[in-house]
Every structure is written in C-alpha cells, then in structure tokens.
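Here the structure comes first, spelled out in structure tokens, and everything after it is commentary.
The values are calculated or read from the model by the stated rules, or taken from the named source; none is laboratory data. Every value quoted in this text rests on a predicted model; they were computed, and no experiment measured them. Glycine also receives a Cβ, built like all others from the backbone with ideal geometry; neighbour counts cover every protein chain displayed. The area values use the complete protein model at the heavy-atom level, side chains included, leaving out ligands, DNA and RNA. Shrake-Rupley method; radii C 1.70, N 1.55, O 1.52, S 1.80 Å.
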Amino acid sequence: METHSNDMIVIKNLIKQFGKLRAVDEVNLTVGAGKVLVIIGPSGSGKSTVLRCINHLETPTSGEIWVDGIKMTHNSKNINAIRAEVGMVFQQFNLFPHLTALENIVVAQRVVRKRKIEEARYNALEQLKRVGLPEKANQYPGQLSGGQQQRVAIARALAMNPKIMLFDEPTSALDPEMIKEVLDVMQELAKSGMTMVCVTHEMGFARNAADQVIFMDHGQIIESSTPDEFFKAPREERTRQFLSQILH
C-alpha cells in the first residue's frame, strides 16, 4: 500500500460532483495526528460532503485522499482498512431501537473487530463511562434523551478504537439544553489527543477545541487559520459576513 507523510488526513484537489452541481471544488487540507480541525460554513457549502468523502460514504469524483498513510482507492480492501481507523458520528444517532445502550456498542465490535462477547462488553462499559453514562447501560434508546443517545453513539464509535473521529453536525438535532453535554464529551476527546474533524455550528467549541478552523462556501475553502486569528481577525470579507450573522 502506498503511504503519505505523517499526517493523519491529507486531501489533495478533492472534487465531488452531483450531476452538474460541484459540491466540493478543489479542496486541499491536511490534519496532523492529534489535531482538531473544525469546518464551518453555510448550509450547502460542501462541509459534510468533504467529511463523507474521507471514509468513502461519498465517492470522490477526482482528487486524492490519504488516511493514516493509506491512499483511498476504489479497492474495497483499502476502503475497509480506512473505515476501521475512522469513527463517524452523525446528526441522527442511528442507534438500534431494540437494543440497549450497551448492546448497541457491543454489536459493531463483534461484527467488525471480531471481539469475543466478554471483551466487547467490557470495552462498551468503559466507553459508556468515558461519555458519562455508565448507569444507562441497560436502557433502550427510547428511554434516553437526545443528548444521551448522541453520547451513546459517540461511545459506540470510540469502542472501535479509531485513530480518527469525524463529527457531522453532532448537536444539530438536539434541544439547546442537551448540546453542552455532547460538546463536553467532544472537548474531552480533543484534550485526550484524538485526531478529529468536526463539521459544526457551535462556535464556542470551534474557539476552545480546534487547532485549525476552515470556512467553506460553494464547495471551496475560503479561509483557514487558527481559532484566534479566525474569530478575531478574519481575512476574507465572506468570512466576516458569515461570522457577523452567527455571532451576535
């Protein structure tokens, strides 16, 4: 397998077309090991599509993606090798309603990581502790709040021991009072040295947890800088406009 540098994620000249729409237009970015990248921008700017291309939920039209030294190709062996290293958390929690929180975290470990039931259960309990929900192990998703369900979804992704976590607007389906509990878990993950790429509207999280903030519009990266520079002195007029609308 070809390898590429020590960076966890390297994207070169990424293009993704949906028919005539160019959702991602010549995007280049790099995420170092243990770094947190936050991508922000208006709806339809291509943020989530970039994220979904990283683990091949969307097939890039052209360009190169490298994840932990493995080049993404159409070869299913490569795709599966990359997906094994990448955890993803979506807007919707995608938990199995007929399984308890613990069982939801156990099942993927058994299928993908081929773990024995004792090991998978032990690991699931450890991850539930990590997201602050050990006492909810035997409850079903329908008995949990939205914030708790999302934390179980994060625990499920972490139980696979990923090297990279992708978050696609993980708080956008939550009631306001539940957002903090999910962001707190994400903040802890960032502190622990997990490589993370987060698409989010939560500017406080971007300020506090990100190493780098990228602003996208119309499929392109308009601006990329540290959180400090990004929020205090954005260089591009389009970035300033966007921030003035969302930061009151």
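Among the residues of segment 18-69, which ones are part of a strand (DSSP E or B) and open to solvent by 30 Å² or more (accessible area, probe 1.4 Å)?
18, 21, 22, 25, 26, 28, 30, 62, 63, 64
State whether one or more residues within segment 130-144 are among the acidic types (Asp, Glu), outside any helix (DSSP H, G or I), more than 15 Å from the chain's Cα centre (by Cα) and farther than 14 Å from residue 89 by Cβ.
no
If I ask for residues that are open to solvent by 20 Å² or more (accessible area, probe 1.4 Å), assigned to a helix (DSSP H, G or I) and of a type outside the set (A, V, I, L, M, F, W, C), which ones from segment 114-128 would you list?
118, 119, 121, 122, 123, 126
Out of the residues in segment 183-203 that are out of contact with any strand residue (DSSP E or B) (no Cβ under 7 Å at 6 or more places or on another chain) and over 20 Å from residue 43 (Cβ atoms), state the one that is most open to solvent (accessible area, probe 1.4 Å).
191
Can you pull out every residue in segment 70-110 that is at pLDDT 85 or above, part of a loop (DSSP other than H, G, I, E, B) and surrounded by fewer than 17 Cβ atoms within 10 Å (Cβ to Cβ)?
Residues satisfying the conditions are 91, 92, 94, 96, 97, 98, 99.
Do we have any residue at all in segment 172-193 that's farther than 26 Å from residue 33 by Cβ and modelled with pLDDT of 95 or more?
Taking every residue of segment 172-193 in turn, none turns out to be farther than 26 Å from residue 33 by Cβ and modelled with pLDDT of 95 or more.
Return yes when residue 59 is of a type in the set (S, T, N, Q) and more than 19 Å from residue 196 (Cα to Cα) and no when it is not.
Yes.
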